[in-house]
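Q: One structure, pasted below without further comment.
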Amino acid sequence: MTDARDSILARLRAARVDSRPEPSVPVRRFSWSRRETVERFRIGLESVRAQVHRVDDDWPRMLATRLRESKVKNLRYGPDGPLGEELRAGWPTDGPELIAHDQPIEACREALFTNTDAGFTSCLGGIAETGSLVLWPSRAEPRLLSLVPPVHVVLIEADRIVPTLHAMMSEQRWSESMPTNALLISGPSKSADIEQTLAYGVHGPEKLIVLIRGEDRPTGDRFAGQPEAID
Amino acid sequence: MTKPESILFFGTCLIDMANPEAGLAGMRLIERAGIRVRFPQGQTCCGQPAYNAGYREEARRVARLQLDVLAGDEPILVPSASCAGMMRTHYPRLFEGTPDAARAGQVAGRVVEFCDFLHRVLRIELNDLGPPIRVAVHHSCSARRQLLVADAATALLRRLANVSLVEPDHAHECCGFGGTFAIKEPEISSAMAGDKAAAVAATEVPLLVSQDWGCLLNIGGTAKQAGYAYRVKHIAEFLWERTEVAHEK
Amino acid sequence: MRSEFRLRAERSLASQRARGNIRRAMDGLILKRRAAFPDLDELERLRDQGQAIRDQALANLPELLERLERRCATNGMHVHWAEDAAEANRLILDIIRRHGGHAVLKGKSMVSEEIGLNAFLAGHDIEPIETDLGELIIQLAREHPSHIVAPAVHKDRREVAELFARHFPEEPYGEDIEHLTALARRMMRERFRATRIGLSGVNFAVAETGTLCLVENEGNGRLSTTAPDVHIAITGIEKVIARLEDLAPLLTLLTRSATGQPITTYVNLISGPRKPNELDGPHEVHLILLDNGRSRIHADPELRATLRCIRCGACMNHCPVYHRIGGHGYGTVYPGPIGAILEPQLQGLERQGELAQASTLCGACGEVCPVRIPIPDLLNRLRFEQAQGRALRHGRRSGRERFLWRLWSLIHASPASYRRISGFVTRLRILARIRLGPWTRTRAAPRIAARSLHVLAQREGFRDD
């Protein structure tokens, strides 16, 4: 093994390379208002069939109603997650069953794969340009919670939506400490492997429900699509 | 570039042997615009066939002759985007690191594709004397992607009042000629040419025009074999015929 | 005698159904890509940036690989190096055996195709389970991917329905795409739950943070890398990039160029195995860095550009030759224009040199490449290498080709001989019989003028001086 490593590196080092300056990575900036940022985020997600709802602090009740309507029998959530307590406290007694997801996967694999209708997580933020949710799964909200159940519900605070991935990575200094797993999620699972025709709900969640909390409702302005500046 | 007093005309080997009328028409059009046209008799071929086949030494040998023959300061007019592209883009590469590098660069810088010259440099006015006709236009890949002069051909045709232009389906796609490609991979080349010829036939035009005779040799030959009714014509010949009473067919 | 490539191409050309399927799909992908880049100036700036990032990574490749190795190790991953396919396969087998695995969940990975992993594992009684819908179709059909992004692009829904009916006879038959997709989900569910080992490719490996970036739409990639106890990632050594922030423009270029999507459904950034306090994720993550000829390509300053490739497939989506013969016509793992430059370099010009000839040099590939690989120029370079190689060997056919070009150059390098020959009107007819033989099979013979332009120009008074 060491042999392969050393000989590969030796061959690469022997190559003639003209020194290259660091590429200046021009950053695409968009000067969107808060409202426009949120609106683009919503439009992006809806264009790939995510269900997006504006919510207020009564969101657990509203969510419970929605889920019940779509025949969801239970919802798994991380009780120690940022929104765990809020979800539990606001959950109506006649809502779908709430299941605390706080065991190692080895202890709940069967239940997660075969007997869970929906999973709930918080998220780190959102990206307006592409309509993406940013998740950093954690002990409190493990990786499979947003992946295995057929329905994934996410609550995002409107003020955590930024224009671009680059903006989020640099504002939050991702490069200094990446988590085990970081995810961008843009819609429910889909495939176009047959005849380039989109079909939703392949191996990941068939349904993605995004709750946006905070910020005024938009007026429905239309926006031009190009970056304001690239520098 | 401003309108020059004189130019050198590089006819290309394909036009020289297979369609000299197009070359002649091109020279007459330029001459009619008040420019002296010189045709260096020593010219042969730009060298592209060998270059594209990977035979660079052979290509250089032939290209070097053109450097000799085309010495001077006048623009070099080439009635083919493919050959013009070879000279403009690849001569500097071909002669890189050789004693001829400097003059290869000088010649390359003077090469102008025919339509580009008429359209952009001369801003030529074309008084269409021909009857109304629908015409399909084919742009070579060199015109479209290498020299970006496809628009010039279209613009010239649009100046002909009685000509209406038709764009065949999949117009952006290569006709399948590709020099030695047609010889080395004849099955694929024929399939491409067949599709292209059929797409033109579907427009039901009587005539297909292009600024590259290589493509037309391919498409036209395929169309003829397939029994399609349309003919093919080099744009230089077409422009000349439409604007000269005496030569109108 | 027709070459293997020509025979294969002929077979592909004869398959009207696959040709139609491919053509329709490619036409759609071309439109989607165009719509995804509405601002052409911005596209050109992005391409400059993509090229600069990839060039810089390749210029610092050994240092970046060492950094990646260090960071991944710090993050708790195991990093392995493999010289070639055999070594990579062996490494993977060892890891699987150490964990007593009998099956492997596979996310889509072209490198695993490159090393022939599925056949190798099957030969060692380990079942490779392709989980991507397209790859599943291909695996059931016992074929190879015909496209690097859309492996089953040559098949239509009816073919898939018939294939599924054969393999899952207990399931209801249906040709509806939603139905077929749902069927694949049901069939895979239990495998995702029960399989202990997962394997994936890598889209970008970030040296700065020791992060593996994977993009996908279906969720099978996330499942294959998250649900099992062990995740094995395999990638070519060229996939490394320096900084995390480089990901932003590269992702934009990759997904828009590939399928016209602003982003894939999932972008999965993996920076290590499950930490002691975490509740899921694999306990072990292995990264295999494969050379398999890449360091040889890297050694050549011009051909090195081949390694910029981010595997978006835009070049094949826009290639008229690919449109006609599809991926199977190439007979290589990587088809299309990128395959035509990559495969002859990976496998040698002796084996795959003809791929470099399988292009009209129309330039459509170079025009759309998100990292500006000058594919036509590199094809030309490979043809040059091939011609040089012919000079050294002395194959009968090769000798004849060389001789003809030499003869051609001598005729065209002298005005006198050119005039003599061109005056000889039958010149092209003679040549046509020797060299243009295949030309006239589907084309009327070209008309040869009675008098050359040289003669006409002189006659019309266009002077030489």
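Q: Let me check I've understood the local charge: for B:Ser190, count other residues with C-beta under 11 angstrom from its C-beta, Lys and Arg +1, Asp and Glu -1. What total comes out?
A: 0
Q: Report the percentage of all Cα-Cα pairs in chain A whose separation exceeds 31 Å, rounded to a whole percent.
A: So the portion of pairs separated by more than 31 Å is 33 percent.
Q: So if R0 is 60 Å, what FRET efficiency would C:Ala444 and A:Ser7 give, r being the distance between their Cβ atoms, rounded to the nearest 0.05?
A: 0.55
Q: Mind listing which trypsin sites (Lys or Arg not before Pro) in the stretch A:51-127 are in a DSSP loop and have 16 or fewer other Cβ atoms within 10 Å?
A: Filter output for the stretch A:51-127: A:Lys71, A:Lys73.
Q: How large is the charge dipole for chain C, taken about the Cα centre, if only the Cβ atoms of Lys, Arg (+1) and Asp, Glu (-1) carry charge, to the nearest 20 debye?
A: That gives chain C a dipole magnitude of about 2800 debye.
Q: Next question, about the same structure. Nearest 10 degrees is fine. How inclined is helix A:105-114 to the longest principal axis of chain A, computing both from alpha carbons?
A: For A:105-114 against chain A, the angle is about 60 degrees.
Q: Then there is this: Given a 1.4 Å probe and no ligands, DNA or RNA in the count, how much accessible surface is buried by C and B, both sides, to the nearest 100 Å²?
A: For chain C against chain B, roughly 6500 Å² becomes buried.
Q: Moving on to the next point. Given N residues in the stretch C:1-154, what is Rg(Cα) / (2.2 N^0.38 Å)?
A: My calculation over the Cα atoms of the stretch C:1-154 gives 1.36.
Q: Which order do the peptides B:190-202, C:31-43 take when ranked by the mean count of other beta-carbon atoms within 10 Å per residue, highest first?
A: The most tightly packed comes first, giving B:190-202, C:31-43.
Q: I would also like to ask the following. Between C:Arg142 and C:Glu170, what FRET efficiency comes out of the Förster formula 1/(1 + (r/R0)^6) with R0 = 25 Å and r the beta carbon distance, rounded to 0.05?
A: 0.75
Q: Something else: Among C:Thr195, C:Leu140, C:Ala387, which residue has its Cα furthest toward the positive end of the charge dipole of chain C, with +1 on Lys/Arg Cβ and -1 on Asp/Glu Cβ?
A: Checked the options; the winner is C:Ala387.
Q: Counting heavy atoms of the protein chains only and a 1.4 Å probe, report the per residue accessible area for the protein assembly as shown as a whole number of Å².
A: Value for the protein assembly as shown: 38 Å² per residue.
Q: In square nanometres and to one decimal, what's the mean projected area of the convex hull around the Cα atoms of the stretch B:125-243?
A: 6.9
Q: Now for a different question. Divide by every residue of chain C the summed helix terms, -39500 (n - 2.57) for each DSSP H run of at least 4, and state the resulting mean residue ellipticity at 222 nm, rounded to the nearest 500 deg cm²/dmol.
A: -16000 deg cm²/dmol
Q: For the interface of C with A, what's the total buried accessible surface in square angstrom, probe 1.4 angstrom, rounded to the nearest hundred?
A: That pair of chains buries around 7700 Å² in total.
Q: Where in the stretch A:172-189 does accessible area fall by at least 20 Å² between the isolated chain and the complete protein assembly, at a 1.4 Å probe radius?
A: The answer is A:Ser175, A:Met178, A:Thr180, A:Asn181, A:Ala182, A:Leu183, A:Leu184, A:Ile185, A:Ser186, A:Ser189.
Q: Residues of the stretch B:43-88 that become at least 40 Å² less accessible with every protein chain present than in their own chain isolated, using 1.4 Å: which are they?
A: B:Thr44, B:Asn52, B:Gly54, B:Tyr55, B:Arg56, B:Glu58, B:Arg61, B:Val62, B:Leu65
Q: Here's something else I'd like to know. What is the percent carbon and sulfur in the accessible area of chain B, measuring with a 1.4 Å probe over the protein chains and ignoring ligands?
A: Answer for chain B is 51 percent, counting heavy atoms of protein chains only.
Q: May I ask for the Kirkwood hydrodynamic radius of the stretch B:6-120, worked out over all distinct Cα pairs and given in angstroms to one decimal?
A: Taking every pair of different Cα atoms in the stretch B:6-120, averaging 1/r and inverting gives 14.0 Å.
Q: Right, something else. Can you give me the Kirkwood hydrodynamic radius for chain C, using every pair of distinct Cα atoms, in Å to one decimal?
A: 24.5 Å is the Kirkwood radius here.
Q: I want the local charge near B:Cys175. Using Cβ-Cβ distances under 10 Å, sum +1 for each Lys or Arg and -1 for each Asp or Glu among the other residues.
A: Taking every other residue near B:Cys175 into account, the sum is -2.
Q: Extending each Cα 7 Å along its Cβ direction at C:His99 and A:Arg173, get the distance between those two points in nm, one decimal.
A: 3.4
Q: Given points 7 Å out from each Cα along the Cα-Cβ axis, report the A:Arg68 to B:Arg231 separation in nanometres with one decimal.
A: About 8.2 nm separates the two model spin labels.
Q: For chain A, what % of the accessible area comes from carbon and sulfur atoms, probe 1.4 Å?
A: Looking at chain A in its full context, I get 46 percent from C and S.
Q: Between C:Arg186 and C:Phe424, what FRET efficiency comes out of the Förster formula 1/(1 + (r/R0)^6) with R0 = 60 Å and r the beta carbon distance, rounded to 0.05?
A: The pair C:Phe424/C:Arg186 has a calculated efficiency of 0.25.
Q: Hey, what's the per residue convex hull volume over the C-alpha atoms of the stretch C:219-334, in cubic angstrom?
A: 158
Q: Let me ask something else. Grab the eigenvalues of the alpha-carbon gyration tensor for the stretch C:304-392, scale each by 5, take roots, and send me the semi-axes largest first in whole angstrom.
A: Equivalent ellipsoid semi-axes, largest first: 20, 14, 12 Å.
Q: Can you give the convex hull volume per residue for the Cα atoms of the stretch A:54-112, as a whole number of Å³?
A: Spelled out: Cα convex hull of the stretch A:54-112, divided by residues, is 92 Å³.
Q: Here is a further query. With a 10 Å cut-off between alpha carbons and a GNM built on chain B, which of B:Arg145, B:Arg110, B:Arg88 moves the most?
A: It is B:Arg145.
Q: Now for a separate question. Can you bin every Cα-Cα distance in chain B into 10 Å intervals starting at zero and give me the percent of pairs per bin, rounded to whole numbers?
A: Going from the shortest bin to the longest, the percentages are 8, 32, 36, 20, 4, 0.
Q: Quick one: ranking B:Glu21, A:Glu22, C:Glu278 by accessible area, 1.4 Å probe, largest first, what do you get?
A: Descending order: A:Glu22, B:Glu21, C:Glu278.
Q: Any residues in the stretch C:163-178 that have 40 Å² or more less accessible area with all protein chains than in their chain alone, probe 1.4 Å, and which are they?
A: Residues losing area: C:Ile177, C:Glu178.
Q: For chain C, which whole percent of the accessible surface, found with a 1.4 angstrom probe, sits on carbon and sulfur atoms?
A: Within chain C, the accessible surface is 53 percent carbon and sulfur.
Q: Report B:Met87's accessible area, 1.4 Å probe, all protein chains in place, as a number in Å² to the nearest 10.
A: Ignoring ligands and nucleic acids, B:Met87 comes out at about 0 Å².
Q: Can I ask one more? Multiply the residue gap between C:Ala14 and C:Arg296 by 0.36 nm, knock off their C-alpha separation, and tell me the result in nm, one decimal place.
A: So the extension gain works out to 97.8 nm.
Q: Using alpha carbon coordinates only, what is the Rg to Rh ratio of the stretch C:169-220, with Rh defined as the Kirkwood radius?
A: 1.15
Q: Got a sec? Charge dipole of the protein assembly as shown, +1 on Cβ for Lys and Arg, -1 for Asp and Glu; which of C:Leu456, C:Val206, B:Thr44 is way out at the positive end?
A: Farthest towards the positive end: C:Leu456.
Q: More than 46 angstrom separation, counting every C-alpha pair in the protein assembly as shown; what % is that?
A: 34
Q: Let me ask something else. Over the Cα atoms of the stretch A:1-122, what Rg and Dmax result, in angstrom?
A: 24.4, 71
The values are calculated or read from the model by the stated rules, or taken from the named source; none is laboratory data. Keep in mind that what you see is a predicted model, and the values were worked out from it rather than measured. Cβ sites come from the backbone with ideal geometry, for glycine too, and all protein chains shown count toward neighbours. Ligands, DNA and RNA are excluded from the accessible area calculation, which covers all protein heavy atoms including side chains. Shrake-Rupley method; radii C 1.70, N 1.55, O 1.52, S 1.80 Å.
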